[in-house]
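These notes concern the structure reproduced below.
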Amino acid sequence: MFRRLAEERQVLLEKFQELAATDPSIDRLVDERTMAEAERGDVVVDGQLAGWVLKEISDLRVLLTAPLVVRLERIAARDQVSLEEARRQTLHREGVQAERYRKHYGFSVDDWSIYHLILDTSFGSIEDTAKILLAAALTAKNAKMGKSSEKNPGPQPIPAGTNPS
């Protein structure tokens, strides 16, 4: 939502982050759009503030993380910039965001206490990460519907000699 809003206003992301640091109405607009999206139901909302903004209505709050070097490599590849440029942009962005969130929302980005699941995405493949997230989502959905784990047979053993894929 934040990136989309920056694009709508035709402002570079770094500049928009600096504007948001002094103008809380930008974050409020992002929050409103995030809440409207979440209220549609059966959605996944991705964003640093999403867990906090949707804390009272979300069924599952997940923090995806990775070591800094992995994040920098991914950002450099995605944005087609050097590793050093990715580092500069990332450290700047994270510093501005940390201060903005503390000032406008009163929390620290280092406070992970609201999350149900914290997953290091460097641990496995994208497919492995997706499987873990799907399992967590199904668990949350079953819990919401009042289904206990006893009713859910869980993973079934794969007979020897078969290909699971």
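The values are calculated or read from the model by the stated rules, or taken from the named source; none is laboratory data. Here the structure is a predicted model, which means the values were calculated and not measured. All Cβ positions, glycine included, derive from the backbone under ideal geometry; neighbour counts span all protein chains shown. Each accessible area value is taken on the protein alone, full model and side chains, heavy atoms only, with ligands, DNA and RNA left out. Shrake-Rupley method; radii C 1.70, N 1.55, O 1.52, S 1.80 Å.
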*Residues within the range 76-92 that are without any contact (Cβ under 8 Å) to a residue 24 or more places away in the chain and under 17 Å from ARG3 (Cβ atoms), tallied*: 6
*Checking ARG100 against (1) basic (Lys, Arg); (2) touching a residue at least 60 places away in the same chain (Cβ under 8 Å); (3) within 25 Å of PRO24 (Cα to Cα); (4) open to solvent by 50 Å² or more (accessible area, probe 1.4 Å), the condition it does not meet*: (4)
*Kindly indicate which of GLU94, GLU84 is over 30 Å from LYS144 (Cα atoms), charged (D, E, K, R) and either under 15 Å from the mean Cα position of the chain (by Cα) or open to solvent by less than 50 Å² (accessible area, probe 1.4 Å) (or both).*
GLU94
_Single match in ARG28, ARG78 (criterion: basic (Lys, Arg), within 27 Å of PHE123 (Cβ to Cβ) and in a helix (DSSP H, G or I))_ = ARG78
*Can you give me the number of residues within the range 97-128 that are more than 16 Å from the chain's Cα centre (by Cα) and not in a helix (DSSP H, G or I)?*
5
_Residue among GLY95, GLY106, GLY124 that alone is free of Cβ contacts under 8 Å to residues at least 60 places away in the same chain and either basic (Lys, Arg) or under 19 Å from GLU14 (Cα atoms) (or both)_ = GLY95
